[in-house]
Amino acid sequence: MALGQSWTDPFSNHTHLTNVDVTAHLEELVGVGTTPRHLLLPLLHEAAHHWCFLSPVGNTVALLNMRVRRRALQVVDDQEAPKTPLLLDLVSSRVVTELLRPLAEGIALAMEFDAVSRKTNFVSYPFVAAVRAFAPGSAEVDIVLFSAHLNEALTAARIAPQGVDRRLNVYADRMDEGGTGYLLGYLATRSMMYSLWRVLGRLVEEGDLCVGYLRAYFYQDWELVDLLLDRTRDEIEHANAIRQHIAERTWGIRDVTASQIEAFEDLASTDADMRDPRYVRALGLDPDRARRGQDRLETLGLELSQALDVSTKHEDLADFLFVLESETAAARRTVFLGSADVVVSVKGGFADVSTRDRVLLSDLTTGASDAVGPGELEIFFESEHSDRPRLLHVTNSQGLVAFVSAQHDANDPDPDDAPALPRSALRQIGAVFDEIVEHAVSTSWVSIGLAHFMEATPSVCQGIYRDVALRYVPTDQMDDVAAVLGAGGIRALLGNNRDLAEALAIAGAVIPTRPLRPLLDAEIRRWGLEHDLVDELAKVGERGFSVLDAKDDWLLGRA
Amino acid sequence: MANQAQTLHLQVNAFDVAELRELLPEEVEVVRDRPAGAHGEPVLIATMVLTPLVIQGITLWLLKQRRRVSVTVNAEKSFANGDRESVSFTVHMSESTSSRDVVEQVVAGMKLDPGLVETVSRLAT
């Protein structure tokens, strides 16, 4: 099992999962309910990031990033080209990405640590993807019904040593500027989930829906889209407006009503258009600003559908960029599971894909020319149809060889939808244009303006999320709790007691599906820990920050 | 000696890192492995140069986990030529497990030179 960190890029929305051995486990990776279990939490985490970035706010940031590349190329092409538009686009895309980073991590952590689905008809894209991958026998049956299988698989993964480790890493993170943002974002997200539980009690056992509402509240925020694309302010006013808006939204979560959450649940369960005015009301947005945000995003899309105008010297680069934008826009809507270097043999309209010692795929219909040589096999699935069969994309040095469904009895995808390039090539070309952006920035005054904002983001994030994370701490204990969590995280709050931290991680894993004290005691004993640690965890709340609420035999996880 | 592993990468948690650093204050480095700007999962990889002292430190650290009965170690060895080899093994322990028992399990699990068992055990005494 290779080591490393799975990740998702907010602009390209490319997901990278470590520990995916495509050549050894191809059948399991594309099968129904057969994906190796050690991938469940990483997949859920990255799919949650991907889901956030595939949203009105995420799409806006991606389009702004594309326009940044265009403007940078224009600046390189013509030193006299105006630079303020470049700075404003950079401020928009980078400042909002950094200010939402703790929240993005908090949402992904809440999905992998806490989310389960019970009776609701809402099932998030990451959950649908996970149901197909990890819940046996789910292909032909109601996805909601099979959430129960996923809940069990999740509990097992969360309570396994690697699942506990992931939670311990977050508990040990500092909450202040010296931290990574994981704990800050996770506690802020949990605090906002608690706010939603208070208005709609059944959300306690509908974590997927609760996180889904939060994701929509922030990433389907058409007011923020409107703001990001507004060009009536200078860069300082613009950055401040973004900060203020996100801060106001985090506080506004307290004003969300049960009927708004239920309206969201109905809309999201039927895949209603995200521009639907009913969504706007469900998410507490101003209709006029939301409408203007939608219009502005549409205008930006139209602008980017036009070819870039540069001198003949840079025409080839501009053409490359145009292709890159179109490929990236398509790739943003797919979750990448993994790839492998393979040998591709094409003969007489059929292709075989193999490694040195085994044939992985054979007799794929292809329009490619006869050849034998190195190629690449990629597996991905469509984000919005993550219950559908996985897709296999095969390329060689000449380009596309095959684009087929991994399930033999399923219809193959439309060949016109086939990516022209493998993701590895897309990333390499993207890196070239990112270097052009850095060059354009570093050789102009834009670098000074941008550096100013980026240096400030950690402290601005503190200002936004710390108070949200500590919203339910009594005023007289606020300073003490903030100091302890700031310098040492949950680990310090638990007195640097590893047993207590492990007990809390186990409680967090068990409670979403089995919120009963005797069941938790049994699980804690199975780990070789003392069951009275649960009492100690419940008492932590006396210090001002509750990590576990206990009433008789009923338990409620808070962190 | 050209094909001997030079560096060990261990999948750990933040508490493990603190415990390993108590035993190996100079040797343990923590790396995060993702592109700049990307959002990533909460995992930690501890990296250390593979020496008898490090094997001893890992042995003592594993002995501290005794109550778990068994500990699964997920690791990678990297070689001078850039190759990497994944190893995953489970160390079994009980109250009567000796330091040498654990050293033997670690050396075998990491597919290291069996002669290291003697070298590390001598360090331990």
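Spatially, the stretch A:475-523 and the stretch A:145-178 are offset by 13 Å when compared through their Cα centroids. Counting only protein heavy atoms and a probe of 1.4 Å, the accessible surface of the stretch A:355-474 is 50% carbon and sulfur. Magnitude of the charge dipole for the stretch A:41-80, about its Cα centre and with charges confined to Cβ atoms of Lys, Arg (+1) and Asp, Glu (-1), is about 100 debye. Per-residue mean of foreign Cβ neighbours for B:11-20 is 6 (Cβ atoms of other chains, 10 Å radius). In the stretch B:61-93, comparing the full protein assembly with the chain on its own, the residues that lose 30 Å² or more of accessible surface at a 1.4 Å probe are B:Arg67, B:Arg68, B:Asn74, B:Glu76, B:Ser86.
Using r as the Cβ-Cβ distance of B:Ser78 and A:Glu80, and R0 as 51 Å, what FRET efficiency do you calculate, to the nearest 0.05?
With R0 = 51 Å, the Cβ-Cβ based efficiency is 0.55.
With respect to chain B, whose longest principal axis is taken over its alpha-carbon atoms, helix B:52-64 is tilted by about 80°.
Explain nothing, just the number: relative contact order of chain A, from Cα pairs under 8 Å at least 6 residues apart, as a whole percent.
Reported as a whole number, the value is 19 percent.
P(r) tail, chain A: Cα-Cα pairs separated by more than 47 Å, 14% of all pairs.
I'd like to compare A:72-81, A:385-394: which one has the highest average count of other Cβ atoms within 10 Å, and what's the full order after that?
The packing order, highest mean first, is A:385-394, A:72-81.
Probe 1.4 Å, all protein chains in place: accessible area of A:Asp341 in Å², nearest 10? The accessible area comes out at roughly 130 Å².
Rounded to 0.05, the FRET efficiency of the A:Arg231 and A:Leu516 pair, given R0 = 56 Å and the Cβ-Cβ distance, is 0.50. Residues of the stretch A:1-36 that lose at least 30 Å² of accessible area (1.4 Å probe, protein heavy atoms only) when the other protein chains are present, relative to their chain alone, are A:Met1, A:Leu3, A:Gly4, A:Gln5, A:Trp7. Ordering B:Ser78, B:Gln65, B:Gly40 by Cα displacement along the dipole of the stretch B:17-116 toward the positive end leaves B:Gln65 in first place; charges were set at the Cβ atoms of Lys, Arg (+1) and Asp, Glu (-1). Sorting the segments A:170-177, B:79-86, A:546-553 by their mean number of nearby beta carbons within 10 angstrom, highest to lowest, gives A:170-177, A:546-553, B:79-86. Note on the stretch A:183-250 and the stretch A:406-423: Cα centroid distance 36 Å, given to the nearest whole angstrom.
What does the highest-first list of A:441-450, A:300-309, A:212-221 look like by mean Cβ count within 10 Å?
A:212-221, A:441-450, A:300-309
Taking the charge dipole of the stretch A:288-400 about its Cα centre, with +1 at Lys and Arg Cβ atoms and -1 at Asp and Glu Cβ atoms, the residue from A:Leu302, A:Ser354, A:Leu337 reaching farthest to the positive side is A:Leu337. Each label was represented as a point 7 Å from its Cα along the Cα-to-Cβ direction; for B:Ser88 and A:Asp552 these points are 4.3 nm apart. For a label point 7 Å from the Cα of A:Asp414 along Cα→C-beta, name the residues of the stretch A:302-335 whose backbone N is under 14 Å from it. Residues A:330 qualify, since their backbone N sits under 14 Å from the label point.
Using a ≥ b ≥ c from the Cα gyration tensor of the stretch A:176-286 (square roots of the eigenvalues), is it rounded, prolate or oblate, where a/c under 1.5 gives rounded and otherwise the larger of a/b and b/c decides, a/b for prolate? It comes out oblate by the Cα gyration axes. Simple point charges give the picture: +1 on the Cβ of Lys and Arg, -1 on the Cβ of Asp and Glu, and for chain A a dipole about the Cα centre of about 1020 debye.
On average, how many beta carbons from a partner chain sit within 10 Å of the beta carbon of a residue in B:24-37?
Across B:24-37, the average partner-chain Cβ count within 10 Å equals 3.
Rolling a 1.4 Å probe over the heavy atoms of the protein chains gives the protein assembly as shown an accessible area of 41 Å² per residue. Length available on full extension from A:Glu152 to A:Arg358: 0.36 nm per residue minus the Cα-Cα distance, which gives 70.7 nm.
Straight-line cross-link reach from B:Lys77 at under 18 Å between alpha-carbon atoms covers these aspartates and glutamates, not counting any fewer than eight positions away in the same chain: A:Asp21, B:Glu27, B:Glu29, B:Asp33, B:Glu85, B:Glu104, B:Asp113. Counting Cβ atoms of other protein chains within 10 Å of each Cβ in A:160-169 and taking the mean gives 5. The helix-based estimate of mean residue ellipticity at 222 nm for chain A, built from -39,500 (n - 2.57) per DSSP H run of four or more residues and divided by its residue count, is -17500 deg cm²/dmol to the nearest 500.
Accessible area per residue (1.4 Å probe, heavy atoms of protein chains only) ranks A:Trp251, A:Trp222 as A:Trp251, A:Trp222, with the largest value leading. Put +1 on the Cβ of each Lys and Arg and -1 on the Cβ of each Asp and Glu in the protein assembly as shown; which of A:Ser311, A:Ser369, A:Phe403 then has its Cα farthest toward the positive end of the dipole? Farthest along the dipole direction, towards plus: A:Phe403.
Taking both sides together, the accessible area buried where B meets A is about 3000 Å² for a 1.4 Å probe. Inter-part distance, the stretch B:38-100 to the stretch A:118-134, computed on C-alpha centroids, equals 35 Å. Here the calculated FRET efficiency for A:Ala431 and A:Leu302, from their Cβ-Cβ distance with R0 = 35 Å, stands at 0.80, rounded to the nearest 0.05.
Rounded to the nearest 20 debye, the dipole size of the stretch A:84-236 about its Cα centre is 420 debye, using +1 on the Cβ of Lys and Arg and -1 on the Cβ of Asp and Glu.
The values are calculated or read from the model by the stated rules, or taken from the named source; none is laboratory data. Source: prediction; values computed, not measured. No Cβ is skipped: glycine too gets one built from the backbone with ideal geometry, and neighbour counts run over all protein chains shown. The accessibility values were calculated without ligands, DNA or RNA, using every heavy atom of the protein model including side chains. Shrake-Rupley method; radii C 1.70, N 1.55, O 1.52, S 1.80 Å.
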